[in-house]
Structure formats: C-alpha cells, structure tokens
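Enquirer: Supplied in structure tokens, the structure appears directly below.
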Amino acid sequence: MNIETNQTISRVAEIIIDELKLEDVTPETFDPDLDLVDEVGVDSMDLATVALVLRDEYGVRIDEDDYPKLTTVRIIAQYLDDKRNGSE
Amino acid sequence: MATTREEYTFADILANPHIKERWQKVRRYFFLRESTYDMSNRCNIRCQGCYYYVGDKQFAPENRDEQAWRNLLLKEKERGITFVVLAGAEPSLVADLCRACYEVIPLGAIATNGLIAIPADIDYRIHISVWGNDRTSETIRGAANMLGRQIANYHDDPRAVFIYTFTPDNIEEAREVTATLADCGQSISFNMFSAPVGYRGPLQHTVDSLKKTRDVMGELLSDYPQSVLYSTYNIVAHTEPQGLHDLFSCSYPRRNQSTDIGLGRSFRQYRTDLQWDREAACCVPDTDCDDCRHYAAGSAVVTARMYRHAVDPETFSAWLDYVDTYLAVWVREYKKGQNLCNTYIHPPVKK
C-alpha cells in the first residue's frame, strides 16, 4: 500500500461520510474494508452521487458497469489510483 | 468557466441554485427501495393486451391469508424494502390484503382499474388506469362508462392519479380525457402501451404513433400544467423509437445479472402465491423488453442513470424533472415542482 493510495482512501472516506451524512465515524476511523452495501447501507443512487463527486475531484469517470465491484473504500481508492496512473 | 458539455463538473452544474434546490429535494427520496406484488389472480374486467394474463404468473394460486402477507412484508422490510407496488390482477378485489401490506410498509402505490373504490385508510398512492375515452374503453376493456365511474370513486381523493395509457388508436382521445379530469381537479400522468411477449396486435406502437403521441403529450403538458404530472424529458424517454432498455440499460433483475447493488440486488416481483422468480423479475413481467416504454419501468430505469445525465446543466435538469415527476406520481404527499427543462434533450449514451 503506497502513500498515494492511503491519501486517496482517506479522501474517499471523507467524501462518503460527507455525501451520505454518516454519523459516528470520521475519515480516520472509517474502516476502508467495510462492505459499503452490506455494512454501511450504500445503494446505487448513493454510489452514483459519490461517483460524481469523485469525478470532480480526481477527473476520473467511473463506468456504470463498474459500480458493483466498488464494494469498499479501499477498492474505490485503488480504482481511482489505477485510472489516474493509466493502469486500467 | 465551463465552455463545452464535457467540461462541466458536478459542482458546476449544482452552482445553479434552481438545480441545486431540486437536487436536494429529490435526493431525500433515494432511500426508496421497491418491490412489486401481484395481489390477486382475478380481475373484474378483461382488457386487450393486459400484461397480467400473459405467461405463467396468472396461474399462480392466490394466497388470501392476511397473516401470510403480513409476514412476507415484515421480511421485505427486514431486507430493506421501503416502497411497495401492489398490482395484478386487480388489487381492489382484496382490500384486506392491501391493508395488511400498508400496515407494515406505509409507503407504496396500488395499480387499479378504479371501478371499485379502495378504502381511504389504505393511504397509498392510487394509480387508476385509463385507456381512452368511454367508447374505446368499452371496446378494449369491455366496461361501460369507465371514466365517470372512476372519477366518482376517487372524487377529491388526494391518493388518486389517473394514468392514461397511449395506444396508436387513442392518441387524440387523450385531449378529451385530460380535459375531463382537469375539470374535476384530478391529476393525470401518462403511460405507453408496451407489448407483452408475443403480442403483435394493433395496440403496439409504431414510429408514426410514437411521434403523434409525443406531439399530443407536449400539447397536454403545456395546456394543463396544473393537472398533468409529466415533463418534456418524460415525453422524450417514452416516445423514442428505441425502448427504455435500449436507451438506458434496464436495471431490473430480468435484464441485469448483478446482485451486488441497486435493483438487481433488492427488487423482487412476487406472484399471488408469494413466490418470486429472478428470471422474470421486473415491474411489468412478461412485457417484451424491446418494446418496453412502461411508465413504471421508466421511473426506476431512468432514475437509476443519474451519472450519465450529469454532463451539463440542461441534461441534468431534464433528469431532475423526470425524477421529480416520478416521485409526484408514486409518493403520497410529494409535490411536483415546475419543470426546469422544457427543451427536448436526447437521452445521453453511456460513456
């Protein structure tokens, strides 16, 4: 895990907390391996909202077909970093 | 400053205060997660082209046990369902079962032909189907004086919204029906006949009838803005030569293998025996997906494609109008706002 991905994890967590108005959790305490659907209660419209904010911040377009595999903050962060680094 | 469609960020789009206000209004309802339920395998009329009496679902036995329905709805609630649609064949014949559902999940809608009044204590949205003027209804549905009886049953009833289904043969009649409903203070929204699998009859739309329907819908939206719950983008989405699946990639389980998130994960279509089949699960089972322009399907399928509409203020406004309309049609107490986009926007393709 590199520094870039750790920073992305923290920022993705912050965006999810902010957009979905999650309580009792901070970017520092948000477990990046929590299943966003099963354990956080995120649904497709929530994820689409988060994807738009991430598009603004990282300039990365998230394909609709990729939503189902973006199951944790860590996976989203890795997805963004891979896209930005041109490895996907 | 953004100069082309591709350069708009989501923040740019939300910088418009009207868009931001509408976005904040509709996103409060993102918690809605629907499933649909066939309540009875009986109906008091028999309509040509009815989706219910096609395929296997019509042969499922009825479960008339209130407690069984209550138990099912409790399980549905546990798995996150927050909105129910009670349909097929005619829910008003089993009001006690509808009430049992309402008492467990209080948000929902009932699709009915409107000839039997559903008791007022079942406070779901009531969708009353209209298929033309009384002359046409008598031909297609075999029932006399339908509109007058429907209006009498739901006079001054805030639950009611009349759903006019356009077929190639009743396009012009929509004017007189809408005028009558508007005079009575009723709300009306539009549906498109969508052929059941294997149907090749005269009710199926053609390129020409789609264009004529588009024109009449636009005229009615303009002439009766207080009564017609619709938007310009609704008109586009439902009258394009391509159906909803081709335009928006239907996300109901029947066309969507993913069980990870969204409708593919949560949606179920229960038959009258309280069983469901993933292979058949969509809001209007046994409809030919290539011909599907059904209003209920669009409400979920277009709404789910928010991301691809967030490309510029105009396109996103069109999507917001669609969602605002869907919520006004389906959710009790939700008030539709003035449409934000009155120009014809072609549905954006997936990038």
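Enquirer: Could we say that B:I45 is touching a Lys or Arg at 6+ places or on another chain (Cβ under 6 Å), of a type in the set (A, V, I, L, M) and within 24 Å of B:S299 (Cα to Cα) here? Before you say what the answer is, go through the steps one by one.
Expert: Numbers: touching a Lys or Arg at 6+ places or on another chain (Cβ under 6 Å): yes; of a type in the set (A, V, I, L, M): yes; within 24 Å of B:S299 (Cα to Cα): no.
No, not satisfied.
Enquirer: If you take the residues of segment B:180-207 that are in contact (Cβ under 8 Å) with a residue 12 or more places away in the chain and part of a helix (DSSP H, G or I), which of them is surrounded by the most Cβ atoms within 10 Å (Cβ to Cβ)?
Expert: Within segment B:180-207, the first condition is being in contact (Cβ under 8 Å) with a residue 12 or more places away in the chain, and the residues that meet it are B:180-182, B:184-199, B:201-207.
Of the ones still in play, those that are also part of a helix (DSSP H, G or I) are B:180-182, B:207.
Details: B:T180: 18, B:L181: 24, B:A182: 17, B:V207: 7.
Ranking the candidates gives B:L181 first.
Enquirer: If you check B:A310, B:A237, B:A296, B:A318, which single one turns out to be surrounded by 21 or more Cβ atoms within 10 Å (Cβ to Cβ), within 14 Å of chain A (Cβ to nearest Cβ) and on the phi < 0 side of the Ramachandran plot? Don't jump to the end; show me each part of the working.
Expert: On the way: B:A237 fails: within 14 Å of chain A (Cβ to nearest Cβ); B:A296 fails: within 14 Å of chain A (Cβ to nearest Cβ); B:A318 fails: within 14 Å of chain A (Cβ to nearest Cβ).
Answer to the check: B:A310.
Enquirer: Yes or no: B:S222 in a helix (DSSP H, G or I) and either within 23 Å of B:F83 (Cα to Cα) or touching a residue at least 40 places away in the same chain (Cβ under 8 Å) (or both)? Give the steps one after another, and end with the answer.
Expert: Values: in a helix (DSSP H, G or I): yes; either within 23 Å of B:F83 (Cα to Cα) or touching a residue at least 40 places away in the same chain (Cβ under 8 Å) (or both): no.
Taking the combined requirement at face value, the residue does not satisfy it.
Enquirer: For segment B:82-99, does any single residue satisfy the condition of being within 13 Å of chain A (Cβ to nearest Cβ), free of Cβ contacts under 8 Å to residues at least 12 places away in the same chain and under 30 Å from B:R308 (Cα atoms)? Full working, then the answer.
Expert: Taking segment B:82-99 as the starting set, the residues that turn out to be within 13 Å of chain A (Cβ to nearest Cβ) are B:82-83.
The next check asks that each one be free of Cβ contacts under 8 Å to residues at least 12 places away in the same chain; those that pass are none.
The answer is no; no qualifying residue exists.
Enquirer: Condition first: surrounded by 19 or more Cβ atoms within 10 Å (Cβ to Cβ), at the interface with chain B (Cβ under 7 Å from one of its Cβ atoms) and not in a helix (DSSP H, G or I). Now tell me which residues in segment A:42-70 satisfy that.
Expert: Scanning segment A:42-70 gives a single hit, A:D43.
Enquirer: Does A:V37 meet the test of being aliphatic (A, V, I, L, M), touching a residue at least 24 places away in the same chain (Cβ under 8 Å), within 12 Å of chain B (Cβ to nearest Cβ) and not in a loop (DSSP other than H, G, I, E, B)?
Expert: Details: aliphatic (A, V, I, L, M): yes; touching a residue at least 24 places away in the same chain (Cβ under 8 Å): yes; within 12 Å of chain B (Cβ to nearest Cβ): yes; not in a loop (DSSP other than H, G, I, E, B): no.
Taking the combined requirement at face value, the residue does not satisfy it.
Enquirer: Considering only residues that are at pLDDT 95 or above and away from every other protein chain (no Cβ under 14 Å), look in segment B:1-24 and name the one that is surrounded by the most Cβ atoms within 10 Å (Cβ to Cβ).
Expert: B:R22
Enquirer: Anything in segment B:330-351 that is over 22 Å from B:R254 (Cβ atoms), modelled with pLDDT of 95 or more and either basic (K, R) or crowded, with 24+ Cβ neighbours inside 10 Å (or both)? List them, or say none.
Expert: Selection gives B:R332, B:K335, B:K336.
The values are calculated or read from the model by the stated rules, or taken from the named source; none is laboratory data. Here the structure is a predicted model, which means the values were calculated and not measured. For neighbour counting, all protein chains shown are included, and Cβ atoms are generated from backbone atoms with ideal geometry for every residue, glycine included.
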